[in-house]
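The values are calculated or read from the model by the stated rules, or taken from the named source; none is laboratory data. Since the structure is predicted, the reported quantities are computational estimates derived from the model, not experimental observations. Quick reminder, even Gly has a Cβ in these numbers, built from the backbone with ideal geometry, and neighbours come from all protein chains shown.
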Amino acid sequence: MGNPEAEADGLRALAEQRLGPVVRRREQMQPGTTDQRLLDTDGGDSQWVHTDPWRVMRIQSEFVEGFGALAELPSAISVFGSARTPQDSPEYDAGIRIGRALVDAGFAVITGGGPGAMEAANRGAREGKGVSVGLGIELPFEQGLNPHVDIGVNFRYFFVRKTMFVKYAQGFVVLPGGLGTLDELFEALTLVQTRKVTRFPIVLFGTAYWSGLVDWLKNTVVAQGKASERDLLLFHVTDDVDEAVALVTKETGPNTP
């Protein structure tokens, strides 16, 4: 004969708790129900706003806000570069000229909305009477959107913001920048390499600044078989504003909805 106590333990072990799409068993079952926790106001606990399920709602709301604000943009190019670029530098001047040239070519300009190179590109777009967009990010050190942004959206999450840069742009122009700029650059290169996006030109502006990185990619990454020779064709490097604009816009023409 079987052991009744063992059988009872087995039945208890198979008990399930269904919380929406989630199934919990054995020691992972929780007391109470979702409705009970929702309606229970004892203790005034506000920690629920910091839990992962609530974060999903925040993330969803950021996508909705971003899509809503940017869905009706004309064709656009995202311009990246350092927030630390001085206003009296050649790089800042190049940012202004690139922003204006993109507008003249029929494109809106999207940046991270901050100071430095981003401000320069927004300034060029605004002075050229075009659409100047800034996608800001919540940081420990507040920067705020630069005064040349006409449409601005602030994000809590980097990955939501990065989605907007790619979804609403037809290409990237990358001015000299730091870790954030490199993050955006390699994100775009990976998306093109893996064909997550197609016909997405990427232009690095400033041969002196980018030559070391290009040499490393060619002589180390490709040479050791970590990338293919054709991956070096995913981007272009130039010092000429007109060439940069021509390269980044050659595979896609401007359009307005």
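Mind checking which residues of the range 143-186 are aliphatic (A, V, I, L, M) and in a helix (DSSP H, G or I)?
Result: 160, 164, 166, 179, 182, 185.
Pull up the range 124-151, narrow it to residues that are among the polar types (S, T, N, Q) and without any contact (Cβ under 8 Å) to a residue 40 or more places away in the chain, then point me to the one that is surrounded by the most Cβ atoms within 10 Å (Cβ to Cβ).
It comes out as 132.
One line per residue, one yes/no per condition, for (1) within 13 Å of residue 79 (Cα to Cα); (2) at pLDDT below 95:
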{"residue": "138", "(1), (2)": "no, yes"}
{"residue": "143", "(1), (2)": "no, yes"}
{"residue": "152", "(1), (2)": "no, yes"}
{"residue": "156", "(1), (2)": "no, yes"}
{"residue": "163", "(1), (2)": "no, no"}
{"residue": "172", "(1), (2)": "yes, no"}
{"residue": "178", "(1), (2)": "no, no"}
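Could you list, in sequence order, the residues of the range 185-232 that are over 20 Å from the mean Cα position of the chain (by Cα) and among the hydroxyl-bearing types (Ser, Thr, Tyr)?
207, 209, 211, 220, 228, listed by residue number.
I'd like the full set of residues that are over 20 Å from the mean Cα position of the chain (by Cα) and over 14 Å from residue 148 (Cβ atoms), limited to the range 98-114.
If the condition is that a residue be over 20 Å from the mean Cα position of the chain (by Cα) and over 14 Å from residue 148 (Cβ atoms), then 101, 104, 105, 106 are the ones that fit.
Residue 205 versus (1) closer than 24 Å to residue 110 by Cα; (2) surrounded by fewer than 19 Cβ atoms within 10 Å (Cβ to Cβ): which is the lone unmet condition?
The number of the failed condition is (2).
From the list 247, 189, 213, 233, exactly one residue is outside any strand (DSSP E or B) and exposed (fewer than 12 other Cβ atoms within 10 Å of the Cβ). Which is it?
The unique qualifying residue is 233.
Answer yes or no as to whether residue 200 is touching a strand residue (DSSP E or B) at 6+ places or on another chain (Cβ under 6 Å) and aromatic (Phe, Trp, Tyr).
No: the conditions fail for residue 200.
Scan the range 198-210 residue by residue and report those that are in a loop (DSSP other than H, G, I, E, B) and touching a residue at least 12 places away in the same chain (Cβ under 8 Å).
199, 200, 201, 206
Test residue 195 against the stated conditions and say whether it is in a loop (DSSP other than H, G, I, E, B), modelled with pLDDT under 95 and touching an Asp or Glu at 6+ places or on another chain (Cβ under 6 Å).
no
Among residues belonging to the range 59-69 that are over 14 Å from the mean Cα position of the chain (by Cα) and surrounded by 13 or more Cβ atoms within 10 Å (Cβ to Cβ), point out the one that is farthest from residue 119 (Cα to Cα).
65
Would you mind finding the one in 173, 149, 192, 203 that is touching a helix residue (DSSP H, G or I) at 6+ places or on another chain (Cβ under 6 Å) and more than 19 Å from residue 92 (Cβ to Cβ)?
The unique qualifying residue is 192.
Could you tell me which numbered condition residue 164 fails, if it satisfies all but one of (1) within 14 Å of the chain's Cα centre (by Cα); (2) surrounded by fewer than 17 Cβ atoms within 10 Å (Cβ to Cβ)?
Only one criterion is unmet by residue 164, namely (2).
Listed residues 83, 125, 94, 101; which is modelled with pLDDT of 95 or more, outside any helix (DSSP H, G or I), of a type in the set (A, V, I, L, M, F, W, C) and out of contact with any Cys (no Cβ under 7 Å at 6 or more places or on another chain)?
Every option except 83 fails the conditions.
Of a type in the set (S, T, N, Q) and buried (at least 16 other Cβ atoms within 10 Å of the Cβ): which single residue out of 238, 198 fits that description?
Within the list 238, 198, the selection yields 238.
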